[in-house]
Amino acid sequence: MPERGLVNRIIPFSYVDGPGNRSAIFFQGCDFRCRYCHNPETQNLCIACGACVSVCPVQALSMKDGKVVWDSAVCVGCDACIQTCRNYSSPKVRRMTAEEILEEIGSSLPFIEGITVSGGECTRYHTFIAELFRKAHSLGKTCFVDTNGQTDFRQMPELAAEMNMAMLDVKAFDSDYHRMLTGCGNDVVLQNLSYLAEIGKLYEVRTVIVPGYLDNEDTVRQVSRILAQRPQIRYKLIQYRPWGVRPSMDVEPPTAAYMEKLATLARASGVEKVVCT
Ligand code: SF4
Ligand code: SF4
């Protein structure tokens with residue numbers, strides 16, 4: 001039996017998930033519970049409570065043998081099911097093989113530089129993804145991992161060897177802030193930051209800026225101190241945006257001036273490539 005991964009969705013063309021034009025594959029499930037998560041429907045596996053079935057306006061959902069079944073041919077993509085799910089899951093998750101994923105993006109392959117796996121947290125499926133990457137490489141495509149860093153890459157040697165590069169979230173440098181935001185400490189994240197930089201497989205570090213909630217300046221200063229020794233690594237500072245966040249956070253997005261102040265701090269700390277979005 002071929003291994004399968006739980007896929008929340010596939011975006012055939014993306015310009016924001018690594019270098020160039022890429023197909024992005026979002027996997028289901030994550031151990032973090034970030035307060036600002038924009039894809040909360042990727043956090044948990046479906047528990048088949050059935051609550052979403054009755055809200056579907058076109059009867060694309062049904063219960064069969066104690067499981068929710070999604071008919072993609074009928075679905076109109078309104079996402080009423082996702083908004084209803086109190087389990088932060090989705091009835092549209094698919095168990096796919098590597099071949100099925102590559103087949104689905106087949107018509108995009110001539111136009112993309114590579115694929116990026118994201119989530120949820122894609123490293124939950126690290127052996128499956130290593131296999132997917134092997135197949136994508138044989139088609140001449142580059143393979144990137146977008147990770148929250150919750151799993152030690154030294155414990156996933158097959159994936160570390162197979163991927164071209166990783167993009168790593170450092171959500172907060174201070175472990176207490178990290179725990180407040182995500183529900184977990186950041187020891188492994190910081191170990192991954194050092195390890196991936198050391199082996200030359202860190203393309204980008206990302207920090208979401210949330211004024212009045214996180215110690216943004218401390219995180220930018222500390223991460224920049226580490227990246228200053230590695231001029232090839234980009235540091236992306238991302239504005240907190242309230243859209244899709246459930247339950248909503250009682251904070252304002254950062255101003256452009258505050259983002260520029262942090263970017264200046266990163267540059268002054270020695271980072272050559274700083275990007276604000
Ligand atoms: S997707 Fe959510 S609401 Fe629908 S059956 Fe699964 S857990 Fe229940
Ligand atoms: S997204 Fe699709 S399955 Fe979900 S409620 Fe809308 S039509 Fe139904």
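The values are calculated or read from the model by the stated rules, or taken from the named source; none is laboratory data. These numbers were taken from a predicted model, which means no experiment stands behind them. Methodologically, a virtual Cβ is constructed for each residue, glycine included, from the backbone with ideal geometry; neighbour enumeration extends over all protein chains shown.
As for region 80-100, it holds at least one residue that is β-branched (Val, Ile, Thr), more than 16 Å from ligand 1 (Cβ to nearest atom) and under 24 Å from the mean Cα position of the chain (by Cα). Scanning region 122-160 for residues being within 18 Å of SER14 (Cβ to Cβ) and either surrounded by fewer than 19 Cβ atoms within 10 Å (Cβ to Cβ) or among the charged types (D, E, K, R) (or both) gives a total of 3. Counting residues in region 4-21 that are at pLDDT 95 or above, over 30 Å from THR277 (Cβ atoms) and not in a loop (DSSP other than H, G, I, E, B) gives zero. Would you mind stating whether SER72 is within 13 Å of ligand 1 (Cβ to nearest atom) and small (Gly, Ala, Ser)? The answer is no for SER72.
Identify, please: which residue in region 34-47 is modelled with pLDDT of 95 or more and surrounded by fewer than 17 Cβ atoms within 10 Å (Cβ to Cβ) and is, among those, nearest to the chain's Cα centre (by Cα)? Checking each candidate, the answer is LEU45. The residues of region 63-90 that are assigned to a strand (DSSP E or B) and more than 8 Å from ligand 2 (Cβ to nearest atom), listed by number, are MET63, LYS64, LYS67, VAL68, VAL69. When region 42-62 is filtered for residues that are touching a helix residue (DSSP H, G or I) at 6+ places or on another chain (Cβ under 6 Å) and in a strand (DSSP E or B), only LEU61 remains.
Entry remark, region 67-91: residues being β-branched (Val, Ile, Thr) and touching a residue at least 40 places away in the same chain (Cβ under 8 Å) number 1 in total.
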